[in-house]
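J.: Below are the structure tokens for one structure; questions will follow.
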Amino acid sequence: MPEGFETFDPASEAPRFRSKRCATLLQYWNGLRGDRLFPNREEIDPGELLGILPHIMLTGIEYNPFRVFYRLVGTEIVRFAKFDFTNCYADALRFQSESEDWSIYYRAIIADRRPGIGIAYWTVSGHVKRWIEFLICPLSSDGRVIDRCIAVEDYEHLNGMEIDTLPPVAEH
């Protein structure tokens, strides 16, 4: 399991979130899921997620080879990333100062067949650490194979100058 990331049983007590946006997505996803393992992408109503929509990502999961495709990236994520990576593959991107391929988080979701929560840290203004919390929830078109995910990212408050110091996401 990647450091700072864990999957969890969505039917038991929810993890402690720093972010209300992560808690909101989990509550919504669990409501759609009901007693099934996963909800279907077609059940998601963006109108019910207006408060967190700018922080939402929808991804497609491909197998053979395993790849994560960003189908939709919310406007706040784009603002922090300084790059709209909609229609890009995760393994073709370099996120901020990390060389890590974010596909590893999706691999963990697929392997455990459960949502996952993570926390990462950005260095801003040369030395100040700020957190980013993210939640990834699996989706399935047939109730068995995870073929999509919905995710949310939320950030510790950054002022405009700190956002300016973040390196942009870039394609390899």
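FYI, it's all coordinate maths here, none of it is from the lab. None of the values given here were measured: they were computed from a predicted structure. With ideal geometry, Cβ positions are generated from the backbone for all residues, glycine too; neighbour counts draw on all protein chains shown.
J.: Ranking PHE69, PHE134 by Cβ neighbours within 10 Å, fewest first, what do you get?
T.: Values: PHE69 17, PHE134 25.
Fewest to most other Cβ atoms nearby, the residues stand as PHE69, PHE134.
J.: Provide the per-residue ³J(HN,Hα) series for region 55-60, in order, calculated from phi with Karplus coefficients 6.51, -1.76, 1.60 and θ = phi - 60°, each as a whole number of Hz, with x at glycine and proline positions.
T.: Taking θ as phi minus 60°, the curve returns 9, 9, 10, 10, 10, x Hz for region 55-60.
J.: Long-range amide H contacts for ASN40: which residues qualify at under 5 Å (H placed 1.01 Å from N, peptide plane, sequence gap of 5 or more or a different chain)?
T.: SER140
J.: Quote the convex hull volume per residue of region 1-153, based on C-alpha atoms, as a whole number of Å³.
T.: Given the Cα convex hull of region 1-153, per-residue volume reads 115 Å³.
J.: Still on this structure, I have one more. Pop out the ³J(HN,Hα) list for region 5-14 in order, Karplus 6.51 cos²θ - 1.76 cosθ + 1.60 with θ = phi - 60°, rounded to Hz; leave Gly and Pro as x.
T.: Going residue by residue, I get 9, 8, 8, 8, 7, x, 7, 9, 4, 5 Hz, with x marking Gly and Pro.
J.: Now for a separate question. Can you put LEU58, LEU53, LEU139 in order of Cβ neighbours within 10 angstrom, beginning with the fewest?
T.: On the way: LEU58 19, LEU53 15, LEU139 23.
Least to most surrounded, the residues fall as LEU53, LEU58, LEU139.
J.: Can you sort ASP154, ASP45 so the residue with the fewest Cβ neighbours within 10 Å comes first? The partial results should precede the final answer.
T.: On the way: ASP154 22, ASP45 10.
By the 10 Å Cβ count, ascending, the order reads ASP45, ASP154.
J.: Follow-up. Amide H to amide H under 5 Å from ALA14: which residues, 5+ apart in sequence or cross-chain, H placed 1.01 Å off N in plane?
T.: Answer set, sorted by chain and number: none.
J.: A further question on this structure: Taking H placed 1.01 Å from N in the peptide plane, check which residues at least 5 places from ARG67 or on another chain put their amide H under 5 Å from its amide H.
T.: Close amide H contacts, sequence-distant or interchain: GLU62.
J.: When the Karplus curve 6.51 cos²θ - 1.76 cosθ + 1.60 is applied with θ = phi - 60°, which whole-Hz ³J(HN,Hα) does each residue of region 28-44 get, with x for Gly and Pro?
T.: 5, 4, 4, x, 5, 5, x, 9, 8, 6, 9, x, 9, 4, 5, 7, 6
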